Amino acid sequence: MASESADPLPHAPESQYTHTLPLPFTNSDLAVLTQGAEALVYRTTFLTPHTPCVLKYRPPKPYRHPILDKRLTKARLLAEARVLVKCRREGVKVPAVLGGDWEMGWLVLEWIEGRTVRKVLDEWVHRLGLRARDGRDVVDLADEVVQRDEGEMRRLLGLMGRVGRAVGRLHEVGVCHGDLTTSNLMVRPPGDLQEPGPERTEDDLEGEIVLIDFGLATQTIHEEDRAVDLYVLERAFAATHPAAEHLFQEVLRVYGESFKGAKVVLKRLADVRLRGRKRTMIG
Amino acid sequence: MAKVRTINLPHYTAYPVHICMFKDVKNAAFLRKQLLEANPEFDYAFLDPTMILTPQHILSATLLSLHLHLTSRAKTRTPHSELVFRLHPNNNIGESYRKFGISDDSDRIIAVKLSLTPEITNESVGQHLGSVVEGESVDVGEGVENVGMWCDVEKVKKVYKLDSNGGKGREGGTAVNGNAPTNERKEMEAVMSGVITLKGS
Ligand SMILES: Nc1ncnc2c1ncn2[C@@H]1O[C@H](COP(=O)(O)OP(=O)(O)OP(=O)(O)O)[C@@H](O)[C@H]1O
Ligand SMILES: [Mg+2]
C-alpha cells in the first residue's frame, strides 16, 4: 500500500488528473473518492457547510461523438435522479438528490454514513478467522459459526433480513437497481452512532439498509429484471465467502415475504441461475 | 436597520446570500407593486413564509437559481425572480408567483438578496429593507434555521404532491410518516430538493 501511494501515477489514466470540474465546483479543489467507468465521485458539502454530500460527475468522453455524449450523459443522470426521487417519495431508503445539472454532467446526493454490506461481511469473515478449508462442507462451516457465536449470528441474520426487505421494497415500488452488488448496499448506523469511528465492530450489524448507486437503475416491474437483481446480489455474496452464500438464504426468505409477487420472482431466480450456469459452462 | 443573516453557499462563496424575515408587515401591496413594475431598487425575492419549509428547501432553489443565472440559462429576468420560479415544481411562472411570492395582504415576508456585485452587503441590505418594509424585523438565525418557522406544512405537501399517508405498502419510516416534526420535515425536504432539481427536465 505505502509504495503504491508513493508512486500513484504510472498506470492511472491521464484523464483522472486533467479534469476540470464544471461550475460551481471548478475552484473547489475536491479530492476524488472513487473513479468508476463513467463517473468520478467526490465527497464535499452542498447548500450548507454542514451538509456532507457526494458529487457524481460524468466527464465528457473524448472517444464519443460530442453531441451523442452530451445526450447520453444527460439521459443517464436524469434517469438516476428521477429514480432516486421516486424512491424517496415512496419511503425507500436511498440518498436524497440535493442538486444537479444534466447539461454539465453533475449530480449531488446526500451523504450516507456507514459502511457497505461488502465491508461488513468481509470484516465478519475476518473476525471469525474463517478460512475455506479443503474437504469442509459449507454448511458445516456455517454450523460451526453458529455455535461459535450465536448472538453475532442472530444479528447477522437480522441484517440479511433487512437487506431482503430493502430490495423487496425497491422492487415493490417499481424500480430495479441494475447493479445490485454488496458495495451498493450501505448499513447506516442507528441515529446517535453516526459519527464515523474505526473502532465499531459488532454495531455494524445494526443499522438500516440504504441502497446507493442508481446509475443503472430502471423503472420496471418485470419479474425477469427483479430476478436478475437478486442473481447479481447472490453472486456478490458468493464472491465474499462460501459461508456468506448460506447467509443469502435469509435475504431471499425475507425478500419472498416482503411484497405480493415476490414469490414469483424467486421462482424466476431459479431460471436465471440455470442460464447463468450454462453461460459459464459454454463461455 | 433590518436584521439580516448572510450565508455562503458551498462552492458559490463568491456570491453571499442575504436573508431577512419580517412580521406585522403593513405595506406588502407597495412592495409587490415595485416587483411588478420591475423597479431596479427592488430586485429581491419576496417570499411567502408559509411556503418555506427548511433552510435546505430555500437554499436548493437559491443555489440553482444562481447557478442558472451565472451560466445564462435562467428562465426569468433576475436570479431573484428565478428563485420564486424555481421553488414551484411546475413550469408556470405566474403560478409560481401566486404560490411562493407575496400577495397584497401578506403580513409576513421572507426577503432574499444575492450579492452579485460587491456593493450589496449585509449592511446595505439591512439598511434598504429596514427603510422600505413597514414591519418588524425577525432574526433568521445564524444558520438561517428560522426560515421554516411560519411554514404551513400541509400547504407545502400539497404543492409538492407529498402524500401525507406515505407511499403504498410502506413500513415504519415512510416518506412523510412522522409525528416528530423534524423527522417529517427532513423526509419532506429530501424529496423537495430533488423535485426542485428535476423541475423542467
Ligand atoms: N450517497 C453516498 N453516501 C456515501 N458514500 C457514497 C454515496 N454514493 C456513493 N458512495 C461511495 O462512492 C462509491 C462509488 O459511488 P457509486 O457506486 O455511486 O458510483 P459509480 O459506481 O462510480 O457510478 P456508476 O455505477 O453510476 O458509474 C460507492 O461505492 C460508495 O463507497
Ligand atoms: Mg458503484
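At 0.36 nm per residue, and after removing the present C-alpha to C-alpha distance, how many nm does the segment from residue A:123 to residue A:28 gain when stretched out fully?
Details: separation 95, 0.36 × 95 = 34.20 nm, distance 3.45 nm.
Gain on stretching residue A:123 to residue A:28: 30.7 nm.
Label 7 Å along Cα→Cβ of residue B:93; the stretch B:35-79 residues with amide nitrogen under 13 Å?
The answer is B:36-38, B:74-79.
Counting only heavy atoms of protein chains, what accessible area per residue, in Å², does the stretch A:200-265 have with a probe of 1.4 Å?
Values: 2860 Å² over 66 residues.
In whole numbers, the stretch A:200-265 has 43 Å² accessible per residue.
What is the dipole size for the stretch B:5-151, taken about its Cα centre, with +1 at each Lys and Arg Cβ and -1 at each Asp and Glu Cβ, in debye to the nearest 20? It would help to have the intermediate numbers written out before the result.
Working: 13 positive and 17 negative charges, 112 e Å.
That gives the stretch B:5-151 a dipole magnitude of about 540 debye.
Taking the inverse of the average 1/r across all pairs of different Cα atoms in chain B, what Kirkwood radius in Å do you get? Before the final figure, lay out the partial values.
Details: mean 1/r = 0.0582 Å⁻¹.
After inverting the pairwise mean of 1/r, the radius is 17.2 Å.
Computing the accessible area with a 1.4 Å probe over protein heavy atoms, can you report the carbon and sulfur percentage for chain B? Don't skip to the answer; put the middle values down first.
Working: 4170 of 8720 Å².
Answer for chain B is 48 percent, counting heavy atoms of protein chains only.
For chain B, with every protein chain kept in place, what is the accessible area per residue (1.4 Å probe, Å²)? Can you show the working numbers first?
On the way: 8720 Å² over 201 residues.
Counting only protein heavy atoms, the per-residue value for chain B is 43 Å².
Between B:113, B:158, B:23, which gets the highest mean-square fluctuation from a Gaussian network model of chain B, Cα cutoff 10 Å?
In this elastic network of chain B, the residue with the biggest mean-square fluctuation among B:113, B:158, B:23 is B:158.
Leaving ligands, DNA and RNA out of it, report the carbon-plus-sulfur percent of the accessible area of the stretch A:16-110 at a 1.4 Å probe. Mind showing how you got there, number by number?
Values: 2460 of 4290 Å².
On the stretch A:16-110, the fraction of accessible area on carbon and sulfur atoms equals 57 percent.
Specify the longest stretch of chain B that does not include any exposed loop site, a site being one of the GluC sites (Glu not before Pro) with a non-H, G, I, E, B DSSP assignment and at most 13 other Cβ atoms within 10 Å. Please report the intermediate quantities before stating the final value.
Values: sites that count: B:37, B:119, B:134, B:142, B:171.
Longest site-free region, per DSSP loop and neighbour criteria: B:38-118.
Tell me, which residues of the stretch A:157-172 get at least 50 Å² less accessible area when the other protein chains come in, versus the chain alone (1.4 Å probe)?
Residues losing area: A:169.
Note the buried accessible area between B and A here, summed over both chains, with a 1.4 Å probe, in Å² to the nearest 100.
Values: alone 10130 and 15820 Å², together 23230 Å².
For B against A, buried area totals roughly 2700 Å².
Between B:42, B:30, B:100, find the one with the highest GNM mean-square fluctuation for chain B; connect C-alpha pairs within less than 10 Å.
B:30
Is the shape of the stretch B:31-120 best called rounded, prolate or oblate, per the rule: a/c under 1.5 gives rounded, else a/b larger than b/c gives prolate, else oblate, with a ≥ b ≥ c the square roots of the Cα gyration tensor eigenvalues?
Here the stretch B:31-120 falls in the rounded category.
Residue-wise, which Karplus ³J(HN,Hα) couplings in Hz belong to the stretch B:18-28, taking 6.51 cos²θ - 1.76 cosθ + 1.60, θ = phi - 60°, and x for glycine or proline?
Ordered by residue, 3J(HN,Hα) equals 9, 10, 10, 10, 10, 10, 6, 6, 9, 10, 4 Hz.
With the Cα gyration tensor of the stretch A:16-110 giving a ≥ b ≥ c as the square roots of its eigenvalues, does the rule (a/c under 1.5 for rounded; else a/b larger than b/c for prolate; else oblate) give rounded, prolate or oblate?
On the way: a/c = 2.05, a/b = 1.20, b/c = 1.71.
Here the stretch A:16-110 falls in the oblate category.
Could you calculate the FRET efficiency of residue A:149 with residue A:183 from 1/(1 + (r/R0)^6), where r is the beta carbon distance between them and R0 is 25 Å, rounded to 0.05? Each step should come with its number before you reach the end.
Values: r = 25 Å, r/R0 = 1.02.
With R0 = 25 Å, the Cβ-Cβ based efficiency is 0.45.
Out of B:18, A:161, B:57, whose Cα points farthest toward the positive end of the dipole of the protein assembly as shown (charges: +1 Lys, Arg; -1 Asp, Glu; placed on Cβ)?
Farthest along the dipole direction, towards plus: A:161.
Quote the convex hull volume per residue of the protein assembly as shown, based on C-alpha atoms, as a whole number of Å³. Intermediate values should be presented prior to the final figure.
Working: hull volume 87.7 nm³, N = 484.
In the protein assembly as shown, the Cα convex hull volume per residue is 181 Å³.
I want to make sure I understand the PRE zone here: with the label point 7 angstrom from the Cα of residue B:201 toward its beta carbon, which residues in the stretch B:38-82 have backbone N atoms less than 20 Å away?
Within reach of a label on residue B:201: B:56-76, B:82.
Which of the residues in the stretch B:35-65 lose at least 40 Å² of accessible area when you go from the chain alone to all protein chains together (probe 1.4 Å)?
B:56, B:63
Putting +1 on Lys and Arg Cβ atoms and -1 on Asp and Glu Cβ atoms, find which of A:53, A:121, A:83 reaches farthest to the positive end of the dipole of the protein assembly as shown.
A:83
The values are calculated or read from the model by the stated rules, or taken from the named source; none is laboratory data. In this text the structure is predicted, and so the values were computed from the model without any measurement. When we count neighbours, we look across all protein chains shown, and the Cβ atoms used for this are built from the backbone with ideal geometry, even at glycine. For accessibility, only protein heavy atoms count, side chains too; no ligands or nucleic acids. Shrake-Rupley method; radii C 1.70, N 1.55, O 1.52, S 1.80 Å.
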